[in-house]
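The structure under discussion appears below in the form of C-alpha cells.
Any read-out appearing in this document is the output of simple, stated calculations on the displayed coordinates, not a laboratory observation. Source: prediction; values computed, not measured. Cβ coordinates were reconstructed from backbone atoms using ideal geometry, including for glycine residues, and neighbour counts include every protein chain displayed.
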Amino acid sequence: MKKIRKGTAVLLLLLSLCVPAVDVSADVGNGLTEYTVEYIARDGETETLLARETYRAPAGRTVNVPHREFDNYVKEAGQDMTLPVAADGKAKKKIYYTRLFYDRITFRTEGSYILPIYGCAGEDVSDMVSAVGEPVRQGYIFKGWDRDLPDVMPEGDYVLNAVWEPGESQYTVLRWMENAEDDGYTLLGEKEIRTAETGSTVTASEEDIERAGVMADWFPDSEYYGDYYGFDYARCDDAVVTADGKAVLNLYYDREIWTINLHEEADHESGSSDSLIPNDDIWYTAQGKYGAALPEDFPSYDEMEKHYMEKTQHQDMEFLGVRDEFEATGRHLDSFYFQDLALGNHTFDAYPWLERDSYTVYLTYFKESSDGTYRKVRQESVRVDKDPAVYGAEVTVLHPKGLTCEEGWYTTGTSPEACEQGAKIPISPLQIQADGKCVFRGVSSHLYIYMKRDTFQLNYLDVNEQGESTVLYTEEVTYRDDVTLEYVPDAEAGHQNDRFTGWYLSPALTASGTPLGGFRMPSDDVSVYAGWTAADRTVQFDVRADDAEITGAPADQSVRAGECAKEPDDPERAGYIFLGWFEEPSEKAGDADGGIPDTRAAWDFGRPVEKDMTLYAGWIPERDTLYTIRHMNAGSEEPFYEEAGTGNSGDRIIIQPLDPSDPAYPGDAEADAAQRFAVLEKDKLENVYTIIYKKKDVSVSERPEAPEVPEKPETPEILEKSETMDVAGIPDTGDRAHVVERLAMAAAAVGSGWIVLLCIRRICAKLV
C-alpha cells in the first residue's frame, strides 16, 4: 500500500509538470504583443465603427495590418496600412471605409420635382421628412401620398407616389366657318376661354348650336348673330381638358345652300299692266353656298335680255334686269354672289324687270387674273332718272370681294366700242366708300370697270406666355395668290431652347393643332402665329472607359424637355463596380489613386430633363490589389517563403525581412537589406517585392561542430483564420511566420508529452 501511494505521488508530480509545459510554450515564451485595428466608415465628419479587432505580433516589429471587407462599403485607397507594435499592447490603427450605396426615400409627383432623401436604414429622418413640401401640378389638387411618410429610414428604395384630384383647367373654343369657294374652313376672329374639370371631355353647348340658323336669319345685323348669318351649325371636335390649359374645342359651321330661280314673264290678269301676276314657270335655277360665286353658266345680262324680250308681249318696254317680284322696286339681282337676297328663306325668286321710257346704264366688269391680264366676268344694268348720254349719270356699284377699285380704272362711252377705245380713267380713292361701294360720275350709257385684285396684309406673329403678341414679319399678298409660309423665325426671347413647329391661324392651335401647309390669300388680312414646342433634349451616356471593356453601354436618348429620361440597364465593366450616372465627370472615380464618388449625387431618373446633357458613369475597382513579398536565398530562383497580402492601390505597406524568431527564418543566412516601405500600384499586374538572404560569412575553424539534428516533426496544416481569432485560440497577427512558429511550439509540446507518458508507464511497472 505504501508503494502504491508513493508511486501515485510521483505520477501526480509528473503530470503536474507536464501540463504547465504546454501552457508556457503557447502563451509565455513567444514574445507576442497585442495591437488593435478599428475599421471605420466615415461620411463627412461622421464616423461609424464597423468592427474592432485585436491581433498579436512581436513587440517592436512593424506589421501590415489585416485587410477586411464589409458589405456595401469600400476601403478608402491610399491609406498607410503599417503599424509599429508597441510593447505595452496599446498600438492602434484606424482603417477608413466609404459607404457605396445609401437607402433613400424617393418622391414621384408628375408635377414639381422633390429631391430624394438619403440615409442609412434605421436612421432618424423625421426632420428631413417634415421639411418636404407639397408638390404642385397644374390643373390638379394634391391630396397626399400613397403611403406613410417614415420617420425612420427604411431599407432600400422607398418610393412615394403623389395622389391627385382633378381641378379646374381652361380650354379654348374656336369657331370655324366654311369657305365659300372650297371645302375648307376659315377661323372666325372671336375666341372664347372656358373652364372645366381637368381630364373631362367637353363638347358643343346648346348655345353654340342655336347661335347659327333661324335666329341668325332673322337678325342678320345683330352683334351676337351677325357673324353666323348664312351659316348652320355642322359639328365639333370633342376635346379632353388638359392641365396645361392648351386644350382646344373646335366648332364648325357650314354655309347654307341658297337658290336663285329666274322665272318667266308674269301673266296678264287683265289688260292693264298693273295687274300682272308672278309666273310659276322657271327658266333657270342656280344653287350654291351662301357667299359663293354664281355658277359659270349663270345667264349674262345679254342672255337674259334676249330671252325675255323674245317672249314678252310688251315690245315697247325696255329690259332692265331681274328683280325679286314683278312689282317690287327694292331688290334686284346685281351681285356676283349668292348674297342677302332671300329674305330669310334662302330662295330668291327673280322675274324680268321691264320698264317704258327708261334710261339704262350698262355695266361691264373685268377682273384681273393671276397673270396680270383682265377677263370679262359679268354685265349688268342700272336704271337712272336722266338720260346718261345727255346729263352724265352717277352710278354706285358693288364689286366682288377681293377685288378693289383702288389702282383700277374705267372707261365710259355711248357704246362698247367707244369704251374699248376710250381713255383709261384711274379710279380715285375719293370714289371708294366705306362699305366697299364705288361711285362713278359722268357716265355715259356704257361703263367698263377694270377691277384689280386686292392686296392684303399677311402678319407673322409670336405670342408669349402672357398672351402678348409681337409682329415678327409682314408681307403684302395679292388676293388669290398662293401663300407658302416660307418665312422661318429666329428663336425669340423665351424660345431659345424651343423648336419652331410651323404657323397656325390661332395661338390656341400652336400646342395641339396641325400647322398650315399653305393657302390662297383670302379677301381679308390674315395673321398667322408661330408655334413652338420644347425641343427634344439629347441625353448622352459616357461610360468613361474603352468600349472594349464595357458590356451594355447605353445608347443616347432623345427626351422631350420637361420629361424624364429612361433609366438604362447598368453597364458592366470587368473588375469594376458600377456606382451610377453623374452629371459631372469625377476625375477621381475609377482612377487607381483616386477617391469614390458620392452615390447620393447620382442622377435621379425621376428628375425632368431641361437641357442637353451628358451623364458620366461612376466606377470603382471591384477587386482589391494583391501583393506578394518573396523571401529568397541568394542564387536561388525559387523563394523559400512567400507572404501574400491584400490592399488597395495607393496603400502604403512595409517590406521587411522575417523576424529571427520566425521558424521560416534561415538560421545560417541574413537579409541583405533593411525594412522599406512601398505603395501598391493598381496598374501593375502584380505587386511583387523580393528580399534576398545571403549565407553568413563564418570561418571553418571557428565553426562549432554541428549537433545531430533530430527529425523535424510534421508541421500541421494551417487553417483559414476567422474574422478575429485563428484555430486553437491563437491570435491572428496577419503574419504567417508567427502562425508557423506557434504551431511548431505546440507540436514540440505534444512530443514532450509522449516522453512523460513513457516515464509514467515504467514507474508504474516497478511499483506493481
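Subtract the Cα-Cα distance of Glu223 and Glu47 from 0.36 nm times their separation in residues, and report this length gain in nm to one decimal. Walk me through the intermediate numbers first.
On the way: separation 176, 0.36 × 176 = 63.36 nm, distance 7.94 nm.
In short, 55.4 nm is gained.
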Set the Förster distance to 56 Å, then compute FRET efficiency between Glu155 and Glu190 from the Cβ-Cβ distance, nearest 0.05.
0.40
Where Rh is the Kirkwood radius over Cα pairs, Rg/Rh for the stretch 537-621:
0.96
Listing Arg676, Arg175, Arg137 by rising number of other beta-carbon atoms within 10 angstrom, fewest first, gives Arg676, Arg137, Arg175
Along the Cα→Cβ direction, 7 angstrom out, place labels at Glu417 and Ala601. What is the inter-label distance in nm?
10.0 nm
Are any of the pairs Lys311/Lys386; Lys289/Lys437; Lys75/Lys696 more than 32 Å apart by Cα-Cα distance, and if so, which?
Lys75/Lys696
Could you pull out every one of the aspartates and glutamates with an alpha carbon less than 14 Å from that of Lys695, ignoring same-chain neighbours closer than 8 positions?
Asp668, Glu670, Asp672
Quote the relative contact order of the stretch 537-621 in percent (integer), defining contacts as alpha-carbon pairs under 8 Å separated by 6+ residues.
41 percent
Please enumerate, by chain and number, the aspartates and glutamates with C-alpha under 14 Å from the C-alpha of Lys143, excluding those fewer than 8 residues away in the same chain.
Glu110, Glu134, Glu165
Subtracting the Cα-Cα distance from 0.36 nm times the residue separation, let me have the gained length for Ala286 to Thr533 in nm, one decimal.
84.1 nm
Given the stretch 353-461, what whole percent of its Cα pairs are spread farther than 24 Å?
25 percent
For the residue pair Ala553 and Asp672, what label-to-label distance in nm results when each label sits 7 Å from Cα along the Cα-to-beta-carbon direction?
4.8 nm
Relative to the present Cα-Cα distance, how much length would full extension add between Ala389 and Val439 at 0.36 nm per residue of separation?
16.3 nm
Farthest toward positive dipole pole in the stretch 455-534 [+1 Lys/Arg, -1 Asp/Glu at C-beta], among Thr455, Pro515, Asn497
Pro515
For the stretch 128-209, averaging the sequence separation of alpha carbon pairs under 8 Å that lie six or more residues apart and dividing by its residue count, the contact order in percent is 25 percent
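Mind putting a number on the dipole of the stretch 168-255 about its Cα centre? Charges go on the C-beta only, +1 for Lys and Arg and -1 for Asp and Glu, and I need it in Debye to the nearest 20.
Roughly 260 debye for the stretch 168-255.
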Against the 2.2 N^0.38 Å scaling, with N counting residues, where does the stretch 449-556 land? I'd like the Cα-based Rg ratio to two decimal places.
1.63
Given labels modelled 7 Å from the Cα in the Cβ direction, how far is it in nm from Arg375 to Glu686?
9.8 nm
Quick one: compute the contact order of the stretch 103-166, relative version, from alpha carbon pairs under 8 angstrom and 6+ residues apart, as a percent.
45 percent
Cα-based Rg then Dmax for the stretch 103-166, in Å, read 12.0, 38
Be a star and scan the stretch 608-625 for residues whose amide nitrogen sits under 15 Å from the point 7 Å along the Cα-to-Cβ vector of Ala574.
622-623
What Rg and what Dmax come out for the stretch 143-189 when only alpha-carbon atoms are used, in angstroms?
25.1, 73
Rank-order 518-524, 154-160, 41-47, 446-452 by packing density, defined as the average count of other C-beta atoms within 10 Å over each peptide's residues, highest first.
446-452, 518-524, 154-160, 41-47
